[in-house]
Amino acid sequence: MSAQVLLLRGINVGGHGKLPMAELRAMLDGLGAGGARTHLQSGNAVCQNAVDVTALADVIEAAKGFRPVIFALDAAEWRARVATNPFPTDPPKALHGFFHDGPALDTGPMAPLLTATERLSSHPGILWLHAPDGIGRSKFAAKAERLAGRPVTARNANTIAALTALLDGP
């Protein structure tokens, strides 16, 4: 099996979807992940071996009473999506990748929500938002999932880099 990055949407956000990372690692290892590692407390994991995300969602639902949307990317797919970043020199906190499953999104309907300083770049499986004034002030970010018409989960460039380092590490 190959290494895998898992992005669980809505974990430990605003008092909802509470799932301690030690419990997530134990769940993953119980599914054969092989030394699962997590980053932060927001549902980011890297596994040596791919796990069945439906089985993981089942385990979480049975233990915690909620079923998160889980994006699972093998190492090659993760690297391919991350490589599409068109804003590599921007400050990491200003850059967010909105991960999704599917073709590149049409940014036309999204453009009216952007401020004068925000920029979007859409690619299969990821939409990049550069928001130098902060994502908390972004009208687009608040409506990204509705505009995408499919589940999305965002990670800032610092988190993306940390997950890549975990994927590349021992």
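Read-outs: derived from the displayed coordinates by stated rules, not from any lab. Given the structure is predicted, the values throughout are model-derived calculations rather than measurements. Counting neighbours? That spans all protein chains shown, and the Cβs are built from the backbone with ideal geometry, glycine included.
What translational D, rounded to a whole number of µm²/s, comes out for the chain from Stokes-Einstein when the hydrodynamic radius is the Kirkwood one over Cα pairs, at 25 °C and 0.890 mPa s? Translational diffusion coefficient: 149 µm²/s.
The slack between Arg137 and Ala162, meaning 0.36 nm per residue of separation minus the straight C-alpha distance, is 6.6 nm. Taking only DSSP H segments of four or more residues, each worth -39500 (n - 2.57), what value at 222 nm results for the chain once the sum is divided by all its residues, to the nearest 500 deg cm²/dmol? It comes out at -9000 deg cm²/dmol, rounded to the nearest 500.
Taking a straight Cα-Cα cut-off under 23 Å and skipping sequence neighbours fewer than 8 places away in the same chain, the lysines within cross-link reach of Lys64 are Lys18.
Under 15 Å from a label point set 7 Å out along the Cα-to-Cβ vector of Asp106, the amide N atoms of the stretch 127-158 belong to 147-150.
Among Gly17, Gly35, Gly97, the largest mean-square fluctuation in a Gaussian network model of the chain, built with springs joining Cα atoms closer than 10 Å, belongs to Gly35.
The dipole here belongs to the stretch 32-170: it is taken about the Cα centre, uses +1 on the Cβ of Lys and Arg and -1 on the Cβ of Asp and Glu, and is about 380 debye. Within a straight-line Cα-Cα reach of under 15 Å, Lys93 can be paired with the following aspartates and glutamates, leaving aside sequence neighbours fewer than 8 residues apart in one chain: Glu118, Asp133. Projecting the Cα positions of Ala165, His123, Leu113 onto the charge dipole of the stretch 93-170 (unit charges on Cβ atoms of Lys, Arg, Asp and Glu, taken about the Cα centre) puts Leu113 furthest along the positive direction. Rounded to the nearest 20 debye, the dipole size of the stretch 112-170 about its Cα centre is 260 debye, using +1 on the Cβ of Lys and Arg and -1 on the Cβ of Asp and Glu. Given the C-alpha centroids of the stretch 124-170 and the stretch 1-73, what is the distance between them in whole angstrom? Going from one Cα centre to the other spans 18 Å.
Mean Kyte-Doolittle of at least 1.0 plus a Cα span of 15 Å or more along the axis: flag which DSSP H helices in the chain meet both, please. Passing helices, by number: 53-64, 157-168. Relative contact order, whole percent, for the stretch 1-114 stands at 29, derived from Cα pairs under 8 Å and 6 or more residues apart.
Cβ-Cβ distance of Lys93 and Asp58, R₀ of 25 Å, FRET efficiency by 1/(1 + (r/R0)^6): the value works out to about 0.10.
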